[in-house]
Structures are given as C-alpha cells and as structure tokens.
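The values are calculated or read from the model by the stated rules, or taken from the named source; none is laboratory data. Just so it is clear, the structure is predicted and the values come from calculations on it, not from any experiment. When we count neighbours, we look across all protein chains shown, and the Cβ atoms used for this are built from the backbone with ideal geometry, even at glycine.
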C-alpha cells in the first residue's frame, strides 16, 4: 500500500483504504442532499433555467424545448441517485457552487486529487 499524504485527518493511500471510502460516502450524502434541495426548489418554483442546468449537469445531456419539467425533474432525480462520486467531484458540484445553486461544503472528497 502506497501512502500519498493526509487530507481531513485521513491517510490517503493507493489502493484506497476503508477510511477514505467512508469519508467519501459521507461527503456524497451531503452533496446529494444539497443538490436535491436545489433541484426541488427549481422544480417547485418553475425555474426552468435552474432546472435545466441541474439536470444537464446530473444527466450529462440537455433536454429539448418540448420536454416537460416533470420529465426533466424525474430524470434528474434518477441520475442523482445513481451518480458516481468522481462525477460529483469533477463535473457536477463545482458548477453548481459556481452557479450559486448550492453552498460549498467545508469538506471535499479525498483521493481524487492524487
């Protein structure tokens, strides 16, 4: 096992250790909860711009103008449940923070930077 450093008091290793997986799972839960709140807010407020942005980030594709908000919301919710942590870390979370749709967290995933 190769040790690469320490983040948030967790020893970063290759291959990953149990503490790394546990930490990342807790960060994933926090991120998904925040995204779900933002997704619900956009859907309930009928904010098509925010709904489209969140859905596009989660799904990896956009929706044509004839697709209803209900379909977009349902698809985004399905993708949120299945999204992988590396995708949250690299693609989804940073853009949602930048757009002001979620508040950044004081902790991040570990092991993806090395």
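Here are the numbers for this structure:
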quantity: Sole exception among (1) over 21 Å from residue 104 (Cβ atoms); (2) in contact with a strand residue (DSSP E or B) (Cβ under 9 Å, 6 or more places away or on another chain); (3) touching a residue at least 40 places away in the same chain (Cβ under 8 Å) for residue 23, by number; calculated: (1)
quantity: Residue check, residue 93 loosely packed, with under 15 Cβ neighbours inside 10 Å and either modelled with pLDDT of 95 or more or within 20 Å of residue 10 (Cα to Cα) (or both); calculated: no
quantity: Unique residue being in a loop (DSSP other than H, G, I, E, B) and over 20 Å from the mean Cα position of the chain (by Cα) when the list is 104, 46, 70; calculated: 46
quantity: Subset of segment 5-18 (residues that are closer than 22 Å to residue 106 by Cβ, in contact with a strand residue (DSSP E or B) (Cβ under 7 Å, 6 or more places away or on another chain) and either touching a residue at least 40 places away in the same chain (Cβ under 8 Å) or surrounded by fewer than 13 Cβ atoms within 10 Å (Cβ to Cβ) (or both)); calculated: 5, 6, 12
quantity: Qualifying residue in segment 36-43 (condition: touching a helix residue (DSSP H, G or I) at 6+ places or on another chain (Cβ under 7 Å), within 15 Å of residue 73 (Cα to Cα) and surrounded by fewer than 19 Cβ atoms within 10 Å (Cβ to Cβ)); calculated: yes
quantity: Qualifying residue in segment 80-88 (condition: without any contact (Cβ under 8 Å) to a residue 40 or more places away in the chain and touching a helix residue (DSSP H, G or I) at 6+ places or on another chain (Cβ under 7 Å)); calculated: no
quantity: Flag if residue 51 is touching a helix residue (DSSP H, G or I) at 6+ places or on another chain (Cβ under 8 Å) and either part of a strand (DSSP E or B) or more than 18 Å from residue 94 (Cβ to Cβ) (or both); calculated: yes
